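Nothing in this text is a laboratory measurement; each read-out follows from the coordinates by a stated rule. Predicted model only: the values in this text are computed from it and were never measured.
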């Protein structure tokens, strides 16, 4: 139980911080992604399932890092988003990654629809706060860290690493 709590504490606080900072500033600080990645390496000894499982986590994280680097290079995703997505993916095994991608994509679609609706129907003069104006009217950025955080927080309780932590407690 304590291991599960530690996972939630490190992981969820980092994800909520990423979502908050991205919504407010359209940036995700590097230290947040580092905390997510360090959290993974700190929890691994407590949920050790052998080298093959550890190797799968490393392969998933590395694959997502390379994918994120590519889509960042094409300008389809921000650098902070790509780093957070990669750091988060070290927590997953392949089945978990699929769940994460589905939830993140759905959340990203909802956020995009909200922003597009706002751009279409909310007059700029009504948006009095700078951050809300930037969120709705900036046509070059979207705080995808919100979707990444949602996908990660919803995926974690279903993940193999979390199940291992609960089983060992």
Considering the Cα trace of the chain, what is its radius of gyration and what is Dmax, both in angstroms?
-> 16.9, 58
For the stretch 1-48, what does the alpha-carbon gyration tensor say about shape, rounded, prolate or oblate, given a ≥ b ≥ c as the root eigenvalues, a/c under 1.5 as rounded, and a/b over b/c as prolate?
-> oblate
